[in-house]
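Worksheet: one structure, shown below.
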Amino acid sequence: MKSKTCTILLFLGVLLTSCKVNYSFTGLTETPETFQVNFFQNNADLVEPGLDIQFTNALQDIILNQTSAQLVNSGGEVIYEGEITEYRIAPMTATAENTAAQNRLTISVNVRYINTKDEEKDFERRFSFFFDFDAADQLVGAIKDEAHEVIFERLTQDIINDSLADW
């Protein structure tokens, strides 16, 4: 009995180590060994100081946190590059007195994704998201930090889903 159990366990061990299961709780199925995120320059009409480095770092961080890929400065298996194309604050809803009740911050980025192993997966695409805030508030301090965090979280997740998830 003991020898039969050992044989079965040995067989299962060999079977499981020889099969590569490509499953992830994040939905990412294509994890490169290395990735590169080039600096995303801020080319928006309204320039928010530091937004370019914040976004570049946010994209690097989410890829590091959700994949096993290593960040490199050059020669990455996959490369992300582009620019921030929009940083806009606009009134969204009005009060009975025809004043803004709520404002919306919209940030858009143009992304070029280059897969050096499979050029058919390359793309250039615009990603955009927004954050609504009370019109009585100024977009400074904690409100600005929260807005950037919410927008960056959505933008970066959409970017890696489009580039590394096989949906």
_Testing A94 on (1) under 23 Å from E146 (Cβ atoms); (2) without any contact (Cβ under 8 Å) to a residue 24 or more places away in the chain, one condition comes back false. Which one is that?_
(1)
*Is there a residue in region 153-163 that is within 12 Å of the chain's Cα centre (by Cα) and part of a loop (DSSP other than H, G, I, E, B)?*
no
*asked:* Any residue that is among the hydrophobic types (A, V, I, L, M, F, W, C), in contact (Cβ under 8 Å) with a residue 40 or more places away in the chain and over 21 Å from D158 (Cβ atoms) - is there at least one of those in region 42-57?
replied: yes
_Restricting region 66-98 to residues that are acidic (D, E) and more than 21 Å from A165 (Cα to Cα), the residue that is surrounded by the most Cβ atoms within 10 Å (Cβ to Cβ)_ = E83
*Among the residues of region 73-111, count how many are over 19 Å from Q41 (Cα atoms), part of a loop (DSSP other than H, G, I, E, B) and either modelled with pLDDT of 95 or more or of a type in the set (G, A, S) (or both).*
4
*Looking at A136, is it out of contact with any strand residue (DSSP E or B) (no Cβ under 8 Å at 6 or more places or on another chain), of a type in the set (A, V, I, L, M), surrounded by 16 or more Cβ atoms within 10 Å (Cβ to Cβ) and under 23 Å from L46 (Cα atoms)?*
no
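Yes or no: region 158-165 includes at least one residue that is free of Cβ contacts under 8 Å to residues at least 40 places away in the same chain and among the β-branched types (V, I, T).
No, region 158-165 has no match at all.
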*Going by the conditions given, is S108 within 15 Å of D52 (Cα to Cα) and out of contact with any helix residue (DSSP H, G or I) (no Cβ under 6 Å at 6 or more places or on another chain)?*
yes
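Looking at region 135-150 only, could you name the residues that are part of a helix (DSSP H, G or I) and among the β-branched types (V, I, T)?
Once the filter is applied, which keeps residues that are part of a helix (DSSP H, G or I) and among the β-branched types (V, I, T), region 135-150 yields I143, V150.
Take region 112-129 and flag every residue that is surrounded by fewer than 17 Cβ atoms within 10 Å (Cβ to Cβ) and part of a strand (DSSP E or B).
Passing the criteria: R112, F123, E124, R125, R126, S128.
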_So for region 50-70 (the condition being modelled with pLDDT of 95 or more, at negative phi, touching an Asp or Glu at 6+ places or on another chain (Cβ under 8 Å) and not in a helix (DSSP H, G or I)), does at least one residue qualify?_
yes
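The values are calculated or read from the model by the stated rules, or taken from the named source; none is laboratory data. Here the structure is a predicted model, which is why all the values come from computation and not from measurement. When we count neighbours, we look across all protein chains shown, and the Cβ atoms used for this are built from the backbone with ideal geometry, even at glycine.
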